[in-house]
Amino acid sequence: MKILKFGGTSVARPERLEKLAGIVGAARAKGPVVVVISALGGVTDQLIGALQSAACGEPPVGLARELRRRHLEDPSGRLEGAERKRLQAEIDPWLRELERLLDGVALLGEVPDGVRHRVLATGERLSVPRVVSWLRSHGLDAQGVDGTSLLRVRDDGAEPEVDVRRTRQQVLEALSGLYDGKILVVTGFLGADEKGRTVTLGRGASDLSATVLAAALDADGVEIWTDTDGVFTADPRYVAEAQPLRRLNYGETAALARYGAKVLHPRTLAPVARNRIPVSIRSTFQPALPGTVITEVEEPREASALAVSRVAVSRFELGSASGVGVSSRALAAVERLGVELFTARHSSCRLSLTLRADEADSLEWELKREMRDAPVSIHRLDDLSAVAVVPARMAAASLLGELPKALDRLGIPVDDLYLDSREDSQVAVAVIEAKHADRATLFLHEALVRASAARNAA
């Protein structure tokens, strides 16, 4: 069995659904498949904006009508007649619920968690019936399945967490009576808590849905179909010479993801890594290309720098002249929020924390709340970038020594330098001013990654 996951760009337009149908049909001809689907590209952002507007007393006018138009769009005429009526009958109840929920938010003036989850789930709940109809129009026997009937979630922390054991039991029970040779099309991004309430799973969640299902079903592999030909040696937006990496292990992939690479979120890899299930990242637009295969087994490589990645970071400097224990209280706030720190450097009265910039607002609010009754100064520094070099068959400590030398040749000062060492990966990281990030990424790719590849080729 294969799990095929398609992202928002892969389902956004009718011509892309044609590609999707061809990919699914080819996979089904070789064996059983389960398909996991994201919301159409841009829809989740629309829903987030709608919640924000509604909380200010202004529910968006015409949103349901616009979403209905997009999900019924069919210039080719494939979905005429009964199939189009069936599709509209499936999406209209979700659109009516969306309007009711947004009207309720406008009256209340705030967004309860349960309402937020249900509103954001609308994108996937509209997308799946559309994909099912498209597959049926190609003669493929497809059936939609809501992710809340499969994934069981603990929603008692900062970020919902899939209960793998209960999910496996639920998947086996729920799908035993449904499969019967059909192509099951599952809403990504969604699960249910112990009371059956809809819970959205956060960043990278449709990919997580796919890998959790793969683990529960003991699948032979997961294919993530997206808009790029796999994982690259650097972000092609900044480095034109970046090349696709044809094979990675789980640790290397997680390391690249932590530092901004457009690849699977680290938590997405955990279910497949545990079960040694290979993952392929492929291009929906160019399905003949090989993409990147992520496995436990690493092909022998010569000592080299594998890839360079970068991510915007922020730093918080906390201090107390009164001897208040800064570290314990601040780290308690970090744990409560569930954010991931890149560094935490502390002494008795001072603490420095570095993390992704997109998580800094949440942490600042939590730190101020934690320290509201203590004489602690909190200083936030933005406009920083962490540039990371991932090694292959090379001690990351060796790269750590190369980074400041290389950046010094460009006249780029290093704000911080550290080794990010995890159980399954090591990364050499330099923190620099964000204004230098483009030059640094380009230069490090040339000086370390391409130079390593050239040496190994020779």
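The values are calculated or read from the model by the stated rules, or taken from the named source; none is laboratory data. Given the structure is predicted, the values throughout are model-derived calculations rather than measurements. So basically every Cβ, Gly included, is an ideal-geometry build from the backbone, and we count neighbours across all protein chains shown.
Yes/no per residue for (1) touching a Phe, Trp or Tyr at 6+ places or on another chain (Cβ under 7 Å); (2) on the phi < 0 side of the Ramachandran plot; (3) hydrophobic (A, V, I, L, M, F, W, C); (4) part of a strand (DSSP E or B):
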| residue | (1), (2), (3), (4) |
| --- | --- |
| Arg168 | no, yes, no, no |
| Ala174 | no, yes, yes, no |
| Gly181 | no, no, no, no |
| Val185 | no, yes, yes, yes |
| Gly196 | no, no, no, no |
| Val199 | no, yes, yes, yes |
| Val212 | no, yes, yes, no |
| Ala215 | no, yes, yes, no |
| Asp218 | no, no, no, no |
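Any chance segment 423-432 includes a residue that's closer than 19 Å to Gly260 by Cα, touching a Leu at 6+ places or on another chain (Cβ under 6 Å) and surrounded by fewer than 17 Cβ atoms within 10 Å (Cβ to Cβ)? Step through it out loud before you land on a result.
Just the residues of segment 423-432 that are closer than 19 Å to Gly260 by Cα, to begin with: 424-432.
When the remaining residues are screened for being touching a Leu at 6+ places or on another chain (Cβ under 6 Å), the result is 428, 430-431.
Of the ones still in play, those that are also surrounded by fewer than 17 Cβ atoms within 10 Å (Cβ to Cβ) are none.
Checked segment 423-432: no residue is closer than 19 Å to Gly260 by Cα, touching a Leu at 6+ places or on another chain (Cβ under 6 Å) and surrounded by fewer than 17 Cβ atoms within 10 Å (Cβ to Cβ).
Any idea which of Ser10, Ser76 is part of a helix (DSSP H, G or I) and closer than 25 Å to Ala142 by Cα? Walk me through it before giving the result.
Details: Ser76 fails: part of a helix (DSSP H, G or I).
The conditions single out Ser10.
Pairs please, first residue from segment 336-360 and within 22 Å of Gln426 (Cβ to Cβ) and touching a residue at least 12 places away in the same chain (Cβ under 8 Å), second anywhere and of a type in the set (Gly, Ala, Ser) and part of a loop (DSSP other than H, G, I, E, B), Cβ atoms under 9 Å, 6+ apart in sequence or on different chains.
Taking only residues 6 or more apart or on different chains, the pairs are Val339/Ala158; Arg356/Gly260.
Could you tell me how many of the residues in segment 248-263 are in a loop (DSSP other than H, G, I, E, B) and under 12 Å from Asp420 (Cβ atoms)? Steps first, please.
Within segment 248-263, the subset in a loop (DSSP other than H, G, I, E, B) is 259-263.
Within this subset, residues satisfying the condition of being under 12 Å from Asp420 (Cβ atoms) are 259.
So the answer is 1.
In this structure, is Leu126 more than 16 Å from Leu201 (Cβ to Cβ) and part of a loop (DSSP other than H, G, I, E, B)?
no
Could you list all residues from segment 28-50 that are over 24 Å from Ile3 (Cβ atoms) and buried (at least 19 other Cβ atoms within 10 Å of the Cβ)?
Leu47, Ala50
Got at least one residue in segment 185-205 being hydrophobic (A, V, I, L, M, F, W, C), modelled with pLDDT of 90 or more and surrounded by fewer than 23 Cβ atoms within 10 Å (Cβ to Cβ)?
Taking every residue of segment 185-205 in turn, at least one turns out to be hydrophobic (A, V, I, L, M, F, W, C), modelled with pLDDT of 90 or more and surrounded by fewer than 23 Cβ atoms within 10 Å (Cβ to Cβ).
Which members of segment 206-222 meet the condition of being within 15 Å of Gly291 (Cβ to Cβ) and surrounded by fewer than 24 Cβ atoms within 10 Å (Cβ to Cβ)?
Correct list: Gly221 only.
Here are the criteria: (1) crowded, with 17+ Cβ neighbours inside 10 Å; (2) not aliphatic (A, V, I, L, M); (3) not in a helix (DSSP H, G or I). Tell me which single one His71 does not satisfy.
All conditions pass for His71, except number (3).
Could you list, in sequence order, the residues of segment 76-116 that are at pLDDT 95 or above, out of contact with any helix residue (DSSP H, G or I) (no Cβ under 9 Å at 6 or more places or on another chain) and over 18 Å from Gly144 (Cα atoms)?
Correct list: Arg100 only.
Select from segment 149-183 the residues that are surrounded by fewer than 22 Cβ atoms within 10 Å (Cβ to Cβ), under 30 Å from Gly22 (Cβ atoms) and in contact with a strand residue (DSSP E or B) (Cβ under 8 Å, 6 or more places away or on another chain) and list them in ascending order.
If the condition is that a residue be surrounded by fewer than 22 Cβ atoms within 10 Å (Cβ to Cβ), under 30 Å from Gly22 (Cβ atoms) and in contact with a strand residue (DSSP E or B) (Cβ under 8 Å, 6 or more places away or on another chain), then Ser149, Ala174, Leu175, Leu178, Lys182 are the ones that fit.
Would you point out the residue of segment 129-148, among those that are among the β-branched types (Val, Ile, Thr) and part of a helix (DSSP H, G or I), that is surrounded by the most Cβ atoms within 10 Å (Cβ to Cβ)? Spell out how you get there, then give the answer.
First, pick out the residues of segment 129-148 that are among the β-branched types (Val, Ile, Thr): 131-132, 145, 148.
Those left that are additionally part of a helix (DSSP H, G or I): 131-132, 148.
Working: Val131: 23, Val132: 25, Thr148: 20.
The extreme case among them is Val132.
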